[in-house]
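One structure below.
What follows is calculated from the coordinates using simple rules that are stated; it is not laboratory data. Keep in mind it's a predicted model, so treat the numbers as computed, not measured. As a convention, Cβ positions derive from the backbone with ideal geometry for all residues, glycine included, and neighbour counts pool all protein chains shown.
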Amino acid sequence: MDTIPVIDGHNDTLLHLHLPGRSKGRSFFERSNVGHIDLPRAREGNFGGGFFACFAPNRQSDGWTEESAITYTESGYEVAGAPPIDPSYAGALAGILAKRLSRLEAESGSRLEIVRTAGEIETCLREGKIAAILHFEGAENLGKDPGLLDEAYENGLRSLGLVWSRPNAYAHGVPFKFPSSPDTGPGLTEAGKSLVRECNRLGVLVDLSHLNERGFWDVAGITEAPLVATHSNAHALCPTSRNLTDEQLDAVRDSDGMVGVNFAVSFLREDGREDEDTPLGSVVRHVDYLVDRVGIDRVGFGSDFDGAKVPKDIGDVSGLPNLLAALHDAGYDESELRKLAYENWIRVLRATWRE
Ligand SMILES: [Zn+2]
């Protein structure tokens, strides 16, 4: 189990390294106990790479932070909706984070490579390099002019989340709420619908995580690509707005798409609580449920490393073999584990990127 590499649907490592308050000065190239991913720990955990998100958080001047916007209710919590952010700011920060990834590649001594094709991911896995897929979490990262998608693609962008959990010019993200349906607001705007078509034209993955349910169905009606949620779980097991209902999962299955299981404890636990003392079994339960619903070929991982609290028995990227061992104990054989760990991601990316 220790030799199976993992391609992962989501990490927030670029932003974590960028924000001094979070990174506390850590380097990607030195082993640290801060955050979840650095090169030494990635190697210990057989991390083969995955989606490196560029995410622009709300600023203090918006008067909104997740901590200040949360209220606890009898059965869970509710985070007051984050306001939209200025696309100029988002575009500028996304540019800085994308440059940071290029710098990691340049300074890695060929140990990390930004990949643009599924073939390149396979080469990286063979050669023991980290395969980094450039992902924008929120289409406001394209800046004021959506025509910039072409330019972003030229610069390596291969995956685009229409929204984070807030509205933008294209769509509406789900506010964090537990318990809650993901049906929290209107569907895609006209600009959002044309952006999906542009992504199809270029072969950019449209990520459905954080998108509300009406937006999800709008994308399902437009896109020619498999439906993919890079970091979301099963709503039937953890009824947060961020997870996918059975009907959404059926659509993912019918499109031959994919769900990346999110390790964030608040999207795993039945009670939605932010408690790291959450057993590995809760990840296994979501994998079981999703495999049952969408099939063994359509489930993978979407850790949310460096962006969320994860179960302490995973701890950080070096703990990935613990998860594979738990799945093995739960009855998954080696060929199934390889599908969950990386083969499914490669299949869906090859189809989406039309190689
Ligand atoms: Zn996210």
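Data table
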read-out	value
ARG197/ARG43 FRET efficiency (R0 56 Å; Cβ-Cβ; nearest 0.05)	0.90
The range 123-281: relative contact order as a whole-number percent, Cα under 8 Å and 6+ apart	18 percent
Prolate/oblate/rounded call for the chain, Cα gyration tensor, a/c under 1.5 rounded	rounded
Per-peptide average of other Cβ atoms within 10 Å, ordering 168-175, 100-107, 199-206 highest first	168-175, 199-206, 100-107
Interchain or long-range residues, amide H under 5 Å from PHE305's placed H	ASP12
Contour minus Cα-Cα distance for ARG354 and ALA236 (0.36 nm per residue)	39.2 nm
Percentage relative contact order, the range 109-165, counting C-alpha pairs under 8 Å, at least six apart	37 percent
Using a Förster distance of 30 Å, the FRET efficiency for GLU224-PHE29 (Cβ separation, nearest 0.05)	0.15
Amide H partners (placed H, <5 Å) of SER180, local residues excluded	THR240, SER241
DSSP-loop GluC sites (Glu not before Pro) across the range 198-266, with at most 16 other Cβ within 10 angstrom	GLU224
Entries of LYS99/LYS312; LYS129/LYS339; LYS129/LYS177; LYS312/LYS339; LYS99/LYS177; LYS144/LYS339 with Cα pairs more than 30 Å apart	LYS99/LYS312; LYS129/LYS177; LYS99/LYS177; LYS144/LYS339
Sequence-distant residues sharing a close amide H with ARG158 (under 5 Å, placed H)	LEU134
Per residue convex hull volume, Cα atoms of the range 22-128, in Å³	171 Å³
Cα-projected label distance for ALA325 with SER108, points at 7 Å along beta-carbon direction, nm	2.7 nm
Ranked LYS129, LYS24, criterion: other C-beta atoms within 10 Å, fewest first	LYS24, LYS129
Zone of ARG22's modelled label, taken as backbone nitrogen in the range 307-331 under 18 Å from a point 7 Å along Cα→Cβ	307-311, 315-318
Potential lengthening between SER181 and ASN155 on full extension [0.36 nm per residue; Cα-Cα distance subtracted]	5.7 nm
Under the Karplus curve 6.51 cos²θ - 1.76 cosθ + 1.60, θ = phi - 60°, whole-Hz ³J(HN,Hα) for the range 61-76, x wherever Gly or Pro sits	5, 6, x, 9, 10, 4, 5, 7, 8, 8, 10, 8, 10, 4, 10, x
Size of charge dipole - the range 175-264 - debye, nearest 20, with Cβ of Lys, Arg +1 and Asp, Glu -1, no other charges	260 debye
Label-point separation in nm, ASP275 to GLU127, each point 7 Å along Cα→Cβ	4.6 nm
Distance between modelled label sites at GLU247 and LYS144, nm, 7 Å Cα→Cβ extension	4.0 nm
The range 180-273: relative contact order in percent, alpha carbon pairs under 8 Å with at least 6 residues between	29 percent
Rg followed by Dmax, in Å, when the range 164-257 is reduced to its Cα trace	12.3, 37
Per-q log10 I(q)/I(0), the range 118-166, q = 0.16, 0.17 Å⁻¹ (Debye; single scatterer per alpha-carbon; no solvent)	-0.54, -0.59
